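**Student:** Pasting a structure below so you can have a look.
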Amino acid sequence: MKRFEYKVPGGKLLRAKVEVDAGRITFLQLTGDFFMEPETDLEELETRLMGMRAEPVAIKGQVVSFFTAHKTMIAGASPRDFAYVINQAIRA
């Protein structure tokens, strides 16, 4: 299992745990010190990314699309920050 923690400059702490097998995400867990409005179920995002190729651009697109579709505001972080922590965990 690979892990990565990221403290957004002036913002919140984000953590990702990820497993990749044959180039595809087989496990993903996102945690941290952040608040979302409206409250959004990150398990839905984790499930959306399961089985996806572990490619940074595709992951970023899915993460940004997810938060945009849910009209989620994240205090002290952005969708791109979530994509960054996921991609860094994959590279760890």
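The values are calculated or read from the model by the stated rules, or taken from the named source; none is laboratory data. Keep in mind it's a predicted model, so treat the numbers as computed, not measured. Heads up, the Cβs are rebuilt from the backbone with ideal geometry, glycines too, and the neighbour counts pull from every protein chain shown. For the accessible areas, the whole protein counts, side chains as well, though only heavy atoms, and no ligand, DNA or RNA atoms are used. Shrake-Rupley method; radii C 1.70, N 1.55, O 1.52, S 1.80 Å.
**Student:** For the chain, what is the mean residue ellipticity at 222 nm derived from helices alone (per DSSP H run of n ≥ 4: -39500 (n - 2.57); sum divided by total residues; nearest 500 deg cm²/dmol)?
**Tutor:** On the way: 3 runs with 35 residues, N = 92.
Helices in the chain give a 222 nm mean residue ellipticity of -11500 deg cm²/dmol.
**Student:** Using a probe radius of 1.4 Å on heavy atoms only, what accessible surface per residue do you get for the chain? Whole Å² is fine.
**Tutor:** 58 Å²
**Student:** Let me ask you something else. Collect residues whose amide H, placed 1.01 Å from N in the peptide plane, falls under 5 Å from the amide H of ALA54; neighbours closer than 5 in sequence don't count.
**Tutor:** For ALA54, whose amide H was placed from the backbone, the distant partners under 5 Å are ARG24, ILE25.
**Student:** Which percent of the accessible area of the chain is formed by carbon and sulfur heavy atoms (probe 1.4 angstrom)?
**Tutor:** That fraction is 51 percent.
**Student:** Taking the simple approach of a point 7 Å from Cα along Cα-to-Cβ for both THR72 and GLU39, what is their distance in nm?
**Tutor:** 1.4 nm
**Student:** Kindly point out which whole DSSP H helices in the chain project their C-alpha atoms 15 angstrom or further along the helix axis while averaging a Kyte-Doolittle hydropathy of -1.0 or above.
**Tutor:** Result, helices passing both filters: 56-69, 79-91.
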